[in-house]
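Visitor: Pasting a structure below so you can have a look.
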Amino acid sequence: MKLAPLAYLLTALLIGAVSLSTFALTDPEIDSMIAEMTIEEKIGQLIMVGFEGTQANEAIENHIRERHVGGVVLFSRNIQSPQQTAELTNQLQRLARTTAHQIPLFIGIDQEGGWVIRLKEGATVLPGNMALGATDSTELAARAGEITAAELAAVGVNLNFAPVVDVNNNPQNPVIGRRSFGESPELVSRLGVAYIRGLQRHGVLATAKHFPGHGDTTIDSHFDLPTVSHDLEHIHALELHPFRAAIEADVAAIMTAHIIYPALDADRPATLSPTILTDLLRKELGFDGLLITDDMEMKAIDDRYRSGEAAVMAIEAGADIVMVLWSPTKQLEALDALLTAVKSGRISQARLNQSVERILKSKEGAFNRWLVDPDAVGGTVGTEAHQQLAQTIASQAITLVGNRDNLLPLKLEPETAVLILSASSTLFENFKAHHPNTTEAKIPQKPEAENALPQLIPRAGEADVVIAGIMNDEQAALVQQVSMGTTTPVIVIALGSPYTLQHCPAVSASLAAYDIHNASVSAAVEVILGAQEAQGKLPIQLSIED
């Protein structure tokens, strides 16, 4: 039995309709399919690419039809609305239907919630992982996964590069921070597993990232190559703890990190290390799911290796899928290098088939749901029930960090003059809706105190209370200067990383909201005004000294 039964089942799936069948490739059918595939077809399955535009362009059409590329990653550059996204994913899957073996695409996305989201307008924007960490609720984490999966599946996305299960135990981390659930490996494991189960229960594959851990770095691997210099005991107890839990929860995929771990491999970043990917992850931890690289065009890899050689090294190390997301030239270089490596015997046929088999098994859900109905998207994406969950998470996450002289909740009279300091108008608009005697002064994204203070301190002195929304350390330092330059009480809300609160210890009160989106801002305002209590608990430790 070769392709006839498979082809029969595939043609039974109606184009333009969502299939509700429970079609699954059997092992003999997968073996038969692999035996029929050319080397070029197999290699195409090992690559995921990105492309420009909100419709399929010539480059992505050629990748899918001519080079058999098996996966596409969507970014904000590809997305205008949920309905348009559904139309785009249908267009891409129809291209895959024109290929010899009609293998559906992985369509992947980074929909973490909070800071990292791609599907925004018209969709539900959930607070991120650290907000969930502040709630310490596995129920809310699971519901976040379920709702994310429902909305992604409705627009044709079948693979989410989430959750981040890095343990963020370094306050100076420039890339993980509030993308992590927190600094406790137990907390990260519990909430990560709940999110994974919620996501996969509703038909979207989860990806635990970034193996073996990106939490304790001071360098962003998008720009340079970080090193984590802990010993083996520490690595196993902390960094690897959530990945073990994710594997036990049957996470579909794990994403590699472009990081050097000298205790594991002193020479190669994890993405290119057989010691880390095969010996540790596959053999010792027992993971047999999809192993996907982070984008190979990140500077940690791209500055040190040619795209083709890096792709070959990643597959040799144990990866199944190599992501090359930006440059068409580098995408072609990776495909050509993998073809040469297989034909020369550097990558064996057995090794190639091993990854193709994992990929085909993981695409079971994609075989069941080739296309989606763009006109039905509104019944699932951005619904009132989903928005309510976002508000519930945001409300339960708000954390009261400091409250000198019990300033909060504020007791306002109609004549009380409130000044809002923020780079965004969201905080001002929310507060003014409750208290009309409110004005605002915009602060720059990266303010220089000597330029801003001459205007801000007099404005603060004229107000009865100042409320500042901050997103970064520079804004925190500016608010610190304002609070030291006036007798007016200053309340600060961390609308991003709560670590920023360490840079403004002189303020009268401080809260962590973890997110700048409206649900979190409005929840913080309600806590300040006493309409609700702060329920969140810091999932990290802060060092705040006067």
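No value in this document is a laboratory result; all are computed from the given coordinates. What you see is a predicted model, and the numbers here were worked out from it, not measured in a lab. Note: ideal-geometry Cβ built from the backbone for every residue, glycine included; neighbour counts use all protein chains shown.
Visitor: For a quick check: sort D220, D295 by the number of other beta carbons within 10 angstrom, fewest at the front.
Guide: On the way: D220 16, D295 20.
Listed from fewest to most nearby Cβ atoms, that is D220, D295.
Visitor: Give, rounded to the nearest 20 debye, the magnitude of the charge dipole that the range 398-529 has about its Cα centre when Lys and Arg contribute +1 at Cβ and Asp and Glu contribute -1 at Cβ.
Guide: 80
Visitor: Quick check for me: using +1 on Lys/Arg Cβ and -1 on Asp/Glu Cβ, what's the dipole size of the range 282-424 about its Cα centre, in debye to the nearest 20?
Guide: Approximately 600 debye in magnitude.
Visitor: Looking only at the chain, where both bridge partners belong to it, what percent of the DSSP beta bridges are antiparallel (to the nearest 5)?
Guide: About 15 percent, rounded to the nearest 5.
Visitor: Restricting to bridges with both residues inside the range 398-529, how much of the DSSP beta-bridge set is antiparallel, in percent to the nearest 5?
Guide: Working: 4 of 23 bridges.
Given both bridge residues lie in the range 398-529, the antiparallel proportion sits at roughly 15 percent.
Visitor: With only Lys, Arg, Asp and Glu charged, each at its Cβ (+1 for the first two, -1 for the last two), find how big the charge dipole of the chain is about the Cα centre; round to the nearest 20 debye.
Guide: Computed charge dipole of the chain: roughly 980 debye.
Visitor: Next question. What does the range 337-387 give for Rg and for Dmax, in Å, if only its C-alpha atoms count?
Guide: Taking only Cα atoms of the range 337-387, I get Rg and Dmax of 19.5, 56 Å.
Visitor: Further question on the same structure: When ranked by the protection proxy of mean other Cβ atoms within 10 Å per residue, highest first, what sequence do the peptides 271-283, 122-134 form?
Guide: Packing proxy ranking, top to bottom: 122-134, 271-283.
Visitor: Could you line up H214, H202 from fewest to most neighbouring Cβ atoms inside 10 Å?
Guide: Listed from fewest to most nearby Cβ atoms, that is H202, H214.
Visitor: Follow-up question, since we're still on this one. Can you find, among V492, V418, A397, the residue sitting farthest towards the positive end of the charge dipole of the chain, where Lys and Arg contribute +1 and Asp and Glu -1 at Cβ?
Guide: Of the listed residues, the answer is A397.
Visitor: Another question about this same structure. Which one of T256, M37, V521 has its Cα pushed farthest toward the positive end of the charge dipole of the chain, where Lys and Arg give +1 and Asp and Glu give -1 at the Cβ?
Guide: It is M37.
Visitor: Sticking with this one: I'd like the projected area of the range 398-529, averaged over all directions, using the convex hull of its alpha carbons. Report it in nm² with one decimal.
Guide: With every direction weighted equally, the projected area is 6.6 nm².
Visitor: Something else now. As a test of the definition: which semi-axes, in Å, follow for the chain when you take the square root of five times each eigenvalue of its alpha carbon gyration tensor? Largest first, please. Display every interim value, and only then the final one.
Guide: Details: eigenvalues 406, 130, 77 Å².
Working through the eigenvalues yields semi-axes of 45, 26, 20 Å.
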